[in-house]
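The values are calculated or read from the model by the stated rules, or taken from the named source; none is laboratory data. Bear in mind that the values here come from a model prediction, so they are computed numbers and not experimental data. Note that we place each Cβ from the backbone using ideal geometry, even for glycine, and neighbour counts take in every protein chain shown.
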Amino acid sequence: MAGALLTACASYTARPLPEPGAAAWDARRLDDPRVLAALDPVAVGRPLAAWRDSELAQAAWLLSPARVRAEAEVEVARAALRTASVRRSPGAATETEYAFSGNDGSSRWGLALSGLFRLELGGKRDARRAIAEAGVLAAQARGAAEAWELAGEVRHSARVVVALRRDGEALARVIGLADTTLMLARSRFDEGTLSRTELARIGAESSDLRAEHAALRRALAEAEAALAGTLGLPAAALGPLNGVRIAPLPCPATEARAALLAQALERRWDLRVLVAEYQRAEAGLRLAVAESWPDLDLGPGIFFDHGVGKWTLGLGLPDLLLHGNRGPIREAMAARELAGARVLEAQERALGQVEGALAACDARRQELAAVDETAAIARVAALEAAFARGEVGTLDLVLARAELARLGRRRVGLEDAMELAGSALAQAVGGMPDHGEH
């Protein structure tokens with residue numbers, strides 16, 4: 001018995017908490033060899049400008065401390081499952097007697113040795129296993145949900161950066177034509193063919209465009225810093241990242257609504273977490289019902305009764321629940337109802353998010369369809385022909401081209417807004433939409 005006890009004993013080893021350091025944060029890089037090896041084991045390196053938004057999302061999860069914590073939570077749940085699967089260990093008991101009065105010639109000593117075995121009735125062990133198995137599913141789903149949420153944040157941040165850069169390029173073209181317009185307007189003012197008021201208006205428009213460009217540069221810097229923060233990197237680490245290739249996430253047609261709603265209920269990881277929590281509550285009720293059954297203690301042993309050897313068998317009911325464990329059962333039933341209500345609440349919230357994303361997609365599609373550059377293109381072509389014939393001046397042609405550039409910038413902005421709406425829809429349905437015409 002002593003040898004068995006010594007073999008079963010474990011030892012404890014303390015481990016101090018690692019100290020956080022700013023140096024480790026500053027050393028983080030997107031092209032970390034460990035990240036590249038995880039993304040592509042055969043890759044020896046890649047230029048930062050070649051990264052796709054999906055790869056950025058994977059790198060963000062690989063770099064995130066939340067991944068380590070989520071994996072640790074899964075290991076804790078698996079350890080709980082192993083604990084729940086273990087059967088109760090047997091025990092041992094001994095009793096010693098000494099007769100200090102009276103002597104019939106027999107030994108004054110008596111020694112009893114018995115084993116202790118508890119038989120669990122009502123399926124308690126299976127119920128504990130069901131609780132632990134649901135806990136493992138919930139921990140895995142929570143980790144996957146956090147990874148998906150982070151991927152959605154990365155995709156959104158990357159699209160904002162790409163949209164601001166595209167807007168900056170379009171605005172630069174508009175500013176170039178505005179500068180040309182202002183130069184030609186000054187020449188006409190000097191010739192006396194343009195009023196001071198009109199010159200001031202053109203100059204004010206040029207100044208407004210430059211102020212807008214400065215604000216756009218500031219917004220781009222903030223968006224890049226936000227992307228770096230979402231990736232878990234210092235802002236300087238994204239310096240070499242000249243561009244991001246984003247996977248198209250177009251808005252599907254309205255006819256795909258039913259399929260997208262079903263997809264959201266099937267794929268969303270936050271719903272799977274709550275379903276696993278419901279399974280755990282169900283198993284908790286099962287355990288509460290099983291605990292209304294009493295356990296049976298068996299104690300077979302041997303008794304040296306003052307020189308007479310005897311076999312003994314002890315039977316016991318350690319806990320007679322005369323109240324039928326009704327209180328814990330009611331509590332477990334209420335917990336199951338609460339878990340079910342949370343699932344239904346989350347499902348309705350998910351469906352509402354899909355509906356909202358579809359409405360935003362439809363609004364963006366209609367807004368984009370309303371931008372018609374046909375008339376502006378035809379006007380520029382007509383003025384170019386008239387300019388070639390000498391019928392109009394350079395200023396008229398440049399003004400028409402500037403108007404076309406403004407329309408082009410508006411179209412670019414609406415296309416980027418529609419792309420962001422498609423990204424929001426993909427996040428709402430829990431993955432890339434499977435149905436719909438683009």
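Observations on the structure shown:
- Pairs, first aromatic (Phe, Trp, Tyr) in the range 82-99, second surrounded by 13 or more Cβ atoms within 10 Å (Cβ to Cβ), C-beta under 6 Å, six or more apart: Tyr98/Arg108; Tyr98/Trp109
- Only one entry in Ala256, Ala170, Ala200, Ala225 is at pLDDT 90 or above, under 24 Å from Ala421 (Cα atoms), hydrophobic (A, V, I, L, M, F, W, C) and in a helix (DSSP H, G or I), namely Ala170.
- Of all residues in the range 368-395 being of a type in the set (D, E, K, R) and in contact with a helix residue (DSSP H, G or I) (Cβ under 6 Å, 6 or more places away or on another chain), the one that is nearest to Ala170 (Cα to Cα): Glu373
Quick grid of which residues meet (1) basic (Lys, Arg); (2) within 24 Å of Gly356 (Cβ to Cβ); (3) modelled with pLDDT of 90 or more; (4) assigned to a helix (DSSP H, G or I):
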{"residue": "Ala236", "(1), (2), (3), (4)": "no, no, no, yes"}
{"residue": "Ala247", "(1), (2), (3), (4)": "no, yes, no, no"}
{"residue": "Val273", "(1), (2), (3), (4)": "no, yes, yes, yes"}
{"residue": "Gln279", "(1), (2), (3), (4)": "no, no, yes, yes"}
{"residue": "Arg286", "(1), (2), (3), (4)": "yes, no, yes, yes"}
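- Within the range 171-185, residues that are under 17 Å from Leu395 (Cβ atoms) and touching a residue at least 12 places away in the same chain (Cβ under 8 Å) have Cβ atoms under 9 Å from residues that are among the β-branched types (Val, Ile, Thr) and surrounded by fewer than 17 Cβ atoms within 10 Å (Cβ to Cβ) in these pairs: Thr180/Thr394; Leu184/Thr394, counting only partners at least 6 apart in sequence or on another chain.
- For the range 300-319, filtering for residues that are part of a strand (DSSP E or B) and exposed (fewer than 11 other Cβ atoms within 10 Å of the Cβ) leaves 5.
- The number of residues in the range 250-302 being under 23 Å from His156 (Cβ atoms) and of a type outside the set (S, T, N, Q) comes to 18.
- Taken over the range 177-219, the criterion of being of a type in the set (S, T, N, Q) and either surrounded by 15 or more Cβ atoms within 10 Å (Cβ to Cβ) or under 45 Å from the mean Cα position of the chain (by Cα) (or both) is satisfied by Thr180, Thr181, Ser206, Ser207.
- Applying the criterion of being small (Gly, Ala, Ser) and surrounded by fewer than 16 Cβ atoms within 10 Å (Cβ to Cβ) to the residues of the range 324-350, the residue that is nearest to Leu260 (Cα to Cα) is Ala341.
- Among the residues of the range 25-56, just one is modelled with pLDDT of 75 or more and of a type in the set (Val, Ile, Thr), namely Val35.
- Residues that are exposed (fewer than 12 other Cβ atoms within 10 Å of the Cβ) and in contact with a helix residue (DSSP H, G or I) (Cβ under 9 Å, 6 or more places away or on another chain) were ranked within the range 87-104; the one that is farthest from Cys9 (Cα to Cα) is Arg87.
- Only one entry of Leu56, Leu113, Leu62 meets the criterion of being under 30 Å from Ser423 (Cβ atoms) and touching a residue at least 60 places away in the same chain (Cβ under 8 Å), and that entry is Leu56.
- Where Glu222 falls short, out of the listed (1) touching a residue at least 24 places away in the same chain (Cβ under 8 Å); (2) exposed (fewer than 15 other Cβ atoms within 10 Å of the Cβ); (3) among the charged types (D, E, K, R): (1)
- One residue from Leu227, Leu261 being within 27 Å of Arg29 (Cα to Cα) and among the hydrophobic types (A, V, I, L, M, F, W, C): Leu227
- Looking at Leu220, Leu177, just one residue is at pLDDT 90 or above, in a helix (DSSP H, G or I) and under 30 Å from Ser64 (Cα atoms), and that residue is Leu220.
- Some residue of the range 274-297 being surrounded by fewer than 18 Cβ atoms within 10 Å (Cβ to Cβ), more than 30 Å from Trp109 (Cα to Cα) and hydroxyl-bearing (Ser, Thr, Tyr): yes
- Test result for Glu133, in a helix (DSSP H, G or I), closer than 30 Å to Leu231 by Cα and acidic (Asp, Glu): no
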